[in-house]
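Visitor: Below is a structure I'd like to ask you about.
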Amino acid sequence: QVQLVESGGGLVQAGGSLKLACVGSGRRFSPYTMGWFRQAPGKEREFVGASNWSGTSTYYADSVKGRFTISRDNAKNTVYLQMNSLKPEDTAVYYCAADRGPLRIGLYDYDYWGQGTQVTVSS
């Protein structure tokens, strides 16, 4: 089992930045692909981005490409989501998730989930 806890959410104005963190515990962090997803009110949870186990390969949804960056520090069991140039449509609960497989973007590919952290972007 892997337990994941997100932090760093909050209220920010459009154009601003936030950095989310996700700390894992329970098992060694490094073998897992780590993904970020988000869910806005009334919408389905969607893929934001993911990093392979070493951080050498990342993939992003088109809606965040060029604005969001995923990084990870396996020694600290932590993955980060740096969010720049935030827009009101980025408002959502952000979740990190761990996948025992290769880098994938499907919601149901991920085995472990955090509880989420709220990000609100005001216009």
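Visitor: What FRET efficiency would be calculated for the residue pair residue 104, residue 40, taking the C-beta separation as r and a Förster radius of 22 Å, to the nearest 0.05? Provide the component values of the computation, followed by the final result.
Guide: Working: r = 22 Å, r/R0 = 1.00.
After rounding, the FRET efficiency stands at 0.50.
Visitor: Another question about this same structure. Sort out for me the Cα centre separation of the stretch 87-112 from the stretch 1-44, rounded to whole Å.
Guide: So the separation of the two Cα centres works out to 8 Å.
Visitor: If you don't mind, another one. Lys/Arg Cβ at +1, Asp/Glu Cβ at -1, dipole of the stretch 2-99 taken about the Cα centre: which of 88, 63, 49 is farthest positive-ward?
Guide: The listed residue farthest towards the positive side: 49.
Visitor: In addition: What FRET efficiency do you get for residue 67 and residue 25 if R0 is 25 Å and r is their Cβ-Cβ distance, rounded to the nearest 0.05? Don't jump to the answer; show the numbers that get you there.
Guide: On the way: r = 29 Å, r/R0 = 1.17.
Computed FRET efficiency for residue 67 and residue 25: 0.30.
Visitor: OK, next. For residue 82, what is the net charge nearby, where nearby means another residue's Cβ is under 12 Å from its Cβ and Lys, Arg count +1, Asp, Glu -1?
Guide: Here the charged neighbours net out to +3.
Visitor: Ok, one more. Charges at C-beta only: +1 for Lys and Arg, -1 for Asp and Glu. How large is the resulting dipole of the chain about its Cα centre, in Debye rounded to 20?
Guide: 240 debye
Visitor: Residue 18: net charge of surrounding residues, Cβ under 15 Å, Lys/Arg +1, Asp/Glu -1, itself excluded?
Guide: +1
Each reported figure results from applying straightforward, stated rules to the coordinates on display, with no laboratory input. Nothing here was measured: the structure is a model prediction, and the numbers come from that model. All Cβ positions, even for glycine, are placed from backbone atoms using ideal geometry, and neighbour counts span all protein chains on display.
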